[in-house]
Each structure stands twice: as C-alpha cells, then as structure tokens.
1. Can you give the Rg and Dmax of the protein assembly as shown based on its C-alpha atoms, in angstrom?
2. Could you report the buried accessible area between B and A, both sides summed, computed with a 1.4 Å probe and given in Å² to the nearest 100?
3. Rounded, prolate or oblate: which one fits chain A, using the alpha carbon gyration tensor with axes a ≥ b ≥ c (rounded when a/c is under 1.5, else prolate when a/b beats b/c, else oblate)?
4. What value does chain B have for Rg/Rh, both radii from Cα atoms and Rh as Kirkwood defines it?
5. Between rounded, prolate and oblate, where does segment A:25-64 land on the alpha carbon gyration tensor, with a ≥ b ≥ c its root eigenvalues, rounded for a/c under 1.5, else prolate if a/b exceeds b/c?
6. For A:Lys26, give me every one of the lysines with a C-alpha distance below 19 angstrom, ignoring sequence neighbours fewer than eight places off in its own chain.
7. How much of the accessible area of chain B, probe 1.4 Å, is carbon plus sulfur, in whole percent?
8. Put +1 on the Cβ of every Lys and Arg and -1 on every Asp and Glu Cβ in segment A:36-114; which of A:His45, A:Gln101, A:Ala81 then has its Cα farthest towards the positive end of the dipole?
Amino acid sequence: SQQGEEDPQALSIQEGENATMNCSYKTSINNLQWYRQNSGRGLVHLILIRSNEREKHSGRLRVTLDTSKKSSSLLITASRAADTASYFCATRPFSSGSARQLTFGSGTQLTVLP
Amino acid sequence: ETGVTQSPTHLIKTRGQQVTLRCSSQSGHNTVSWYQQALGQGPQFIFQYYREEENGRGNFPPRFSGLQFPNYSSELNVNALELDDSALYLCASSLGGGQLAGELFFGEGSRLTVL
C-alpha cells in the first residue's frame, strides 16, 4: 500500500517558474526522501530529510518537513525543461521492524514547458 | 549513473511461466532491495537482502523469491506468472541493512510484460 500521497498528481508550468509538490504520509518516520524518475527509467535520489530537520536545501531544491502535520513539500526553483519527470516522496518508518523498506507515494508528474 | 545494472531490460512472458531478473549492485554496497512499479504508480517494496539473507519483505506472495550472492549481486524470481505481474521491476542497492539506511541507488529496471 502507498503511505505517501503526492499532491498535485500532475503539474504543468512554464520554464523559469517555481514548482511546488506536496507529500502527506500516515505513520511516524525516521526520514523522508524525494526521488525523480524520467519516463520508464530508474529512480534518482534527490534529497533526504531526517525527522528532526525542518528544512533542507540542495541546489535549486528546497524540502520542508512538518512532522506534526505528517507532510513535506518539494520546491524546485527556476525550473527548466529538463526538470520534466515524475517526482516521488518516500518515507522510511520509525518502527524498527519495518525500518528497512521505503514506502513510496504515487508521484507528481511535472511538465516544464519551454 | 548509479552503478546499479539490471538485466534484461525488457522481456515478454506468458501466464504461468517463470522469470528470473538480475541485478548487480553498486561497488561496496551490501544491501539490495527489489521494488515493483505498475504503470502510473509508485514503486512497491518486494523484499530486501542484506549479506545474502532476506531481512525484510513487503506484501507479496511466496511465488516472489530472491537470492543475494557473495558479491552482493541479486536475483528476483517470480513463479506462476500472472497478468498483474506486468510491471517495471526495480533493483536498488544501498549501504547497510539496518534501521538507519539512507538513500537508495536504483538501476534502470526490467520491464516485464505477461501475456
């Protein structure tokens, strides 16, 4: 079953604009990760934020985490056509028994128009 | 490039057949996990191997089985294929099979079609 749910399911923006994707999850987590997937290919890790962190930056990416609301957001600034892809949040649960697996959401399809 | 390679990239099978998918993990990584991704969905965890032993399993039936070899490469075997097994199968390697494991490094996947 999917723990995370991304919102929106699809997002279309113009090059140069910012893109914001949201993720909600259900159980306590150890960390939350964002991945990117170009059509039909493997996933690429973008950024990891731990449960005791509130914000993290990496280049044009900014991730926030609100554990009280069980939600996270991914902001891509100054988007480029090459950012077109599906973006997934993935959570690693806090429970020791299930800490080995990542649980992925259903993804946001981002299209950046040139 | 993640250094994780999977084979074959595409294959077609018929219902009831068996399939073996292979994965070579990134150098130095001792943990391999397998995910199934249906079209338009996020990846679903199948199982994980750490130092040649399965140490975590998702909600998949026993006809999904795996192996990890001493060089940390891995196989996913699926018996008695069903139409719903059609999906992209992703292998991911990482360091450490324990509770604080971080990011995963994914291969490009094996696209299985069951007719």
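The values are calculated or read from the model by the stated rules, or taken from the named source; none is laboratory data. Only a predicted model underlies this, so the values are computations on that prediction, with no experimental measurement involved. Here the Cβ positions follow ideal geometry from the backbone for every residue, glycine too, while neighbour counts run over all protein chains shown. Each accessible area value is taken on the protein alone, full model and side chains, heavy atoms only, with ligands, DNA and RNA left out. Shrake-Rupley method; radii C 1.70, N 1.55, O 1.52, S 1.80 Å.
1. That works out to 17.3, 50 Å for Rg and Dmax.
2. Values: alone 6400 and 6170 Å², together 10630 Å².
So the buried area, both faces added, is about 1900 Å².
3. Values: a/c = 2.09, a/b = 1.66, b/c = 1.26.
Taking the square roots of the gyration eigenvalues as a ≥ b ≥ c, chain A is prolate.
4. Details: Rg = 13.2 Å, Rh = 14.0 Å.
Value, to two decimals: 0.95.
5. Working: a/c = 3.03, a/b = 1.42, b/c = 2.13.
It is oblate, given that a/c is not under 1.5 and a/b is not larger than b/c.
6. Answer for A:Lys26, where 19 Å is the Cα cut-off: A:Lys69, A:Lys70, listed by chain and number.
7. Working: 2710 of 5440 Å².
For chain B, the apolar C and S fraction of the accessible surface comes to 50 percent.
8. About the Cα centre, the residue reaching furthest to the positive side is A:Gln101.
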